[in-house]
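Below is one structure; the comments refer to it alone.
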Amino acid sequence: MFSALADLRRALQVAVRARASLRLSALRRAWRGGVMGVLLCAACAAPAWATVKVEGVPFDEATQMAGRELLLNGTGLRSVFVIKGYVAGLYLPERAKNAAVVLGMKGPKRLQIHPLRDVGADTFIHALNDGIHRNQTEIQMTRLADRLTQLEDAMRQIGSTKRGDTINFDYTPDAGTTITINGVARTRAIPGEDFYQAVLSIFIGNNPVDRDLKSGLLGS
């Protein structure tokens with residue numbers, strides 16, 4: 001009799017352990033499924049854009065700005081003889097190969113610059129001013145004067161830019177032009193669509209700083 005009771009007790013213990021093992025396995029499967037689901041949802045939510053490399057510098061083929069997706073219109077290299085200065089990419093709401101169409105295009109825009117060498121603030125300011133002067137009339141320069149001073153002051157506060165920096169000249173219709181360095185806004189917004197057009201004209205205007213760079217930014 002005692003032997004039978006012992007056998008019964010052992011059988012009950014085995015059954016309890018089996019049920020506990022099944023519950024634990026089910027919990028593990030559910031946990032793994034939940035984690036994988038979260039990871040899959042996160043992967044779906046995060047945009048995964050391809051990149052284009054110029055001189056080893058990657059440019060996303062699209063980016064998000066002001067709630068809009070901007071497409072990489074083109075990229076190019078600014079060089080003087082054998083000296084490579086920077087690479088740049090132009091992001092627009094829709095792609096265009098005509099400079100006049102780009103300059104008149106409504107909506108947000110981004111000009112992204114990656115220096116390939118260190119550049120002092122005065123050198124950068126001189127290049128911006130010279131490029132704008134070459135593409136604007138005297139009347140236009142008069143209208144831009146105060147905002148150009150604001151740009152110069154901002155660039156002096158930023159100081160030297162370094163090889164490997166990411167410099168964005170961003171435009172949104174509501175705010176105007178802002179400059180970010182490595183994702184950090186470094187200027188107050190400079191108002192006016194005409195100001196951003198003047199900045200873009202340095203690169204894609206009638207007298208661009210580099211014609212090969214202009215062709216690249218226009219996707220030609």
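Just so you know, all these numbers are worked out from the coordinates, no wet-lab data involved. What you are looking at is a predicted structure, and each value in this text was computed from that prediction instead of being measured. Don't worry about glycine lacking a Cβ; one is built from the backbone with ideal geometry, like all the others, and counts go over all protein chains shown.
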**Request:** Label the stretch 87-220 by shape, choosing from rounded, prolate and oblate, from the square roots a ≥ b ≥ c of the eigenvalues of the Cα gyration tensor; if a/c is under 1.5 it is rounded, and otherwise prolate applies when a/b is larger than b/c, oblate when it is not.
**Result:** rounded
**Candidates per GluC sites (Glu not before Pro) in the stretch 55-130, loop by DSSP, up to 13 other Cβ within 10 Å** = 55, 61, 94
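So how strong a dipole does the stretch 76-123 carry about its Cα centre when Lys and Arg Cβ are +1 and Asp and Glu Cβ are -1, to the nearest 20 debye?
220
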**Asked** Residue farthest toward the positive end of the dipole of the stretch 80-220, with Cβ of Lys/Arg at +1 and Asp/Glu at -1: which of 91, 121, 178?
**Response** 91
**Message:** What FRET efficiency comes out for residue 80 versus residue 188 if R0 is 45 angstrom and r is the Cβ-Cβ distance? Round to the nearest 0.05.
**Reply:** 0.90
**Message:** Restricting to DSSP loop positions (anything but H, G, I, E, B) with no more than 15 other Cβ atoms inside 10 Å of their own Cβ, which trypsin sites (Lys or Arg not before Pro) remain in the stretch 55-159?
**Reply:** 95, 97, 106, 117, 134
**Asked** Which FRET efficiency value, to the nearest 0.05, is calculated for residue 146 and residue 100 with the Förster distance at 30 angstrom and r the Cβ-Cβ distance?
**Response** 0.70
**Student exercise, the stretch 50-184 dipole from Lys, Arg, Asp, Glu Cβ charges, in Debye to nearest 20** = 320
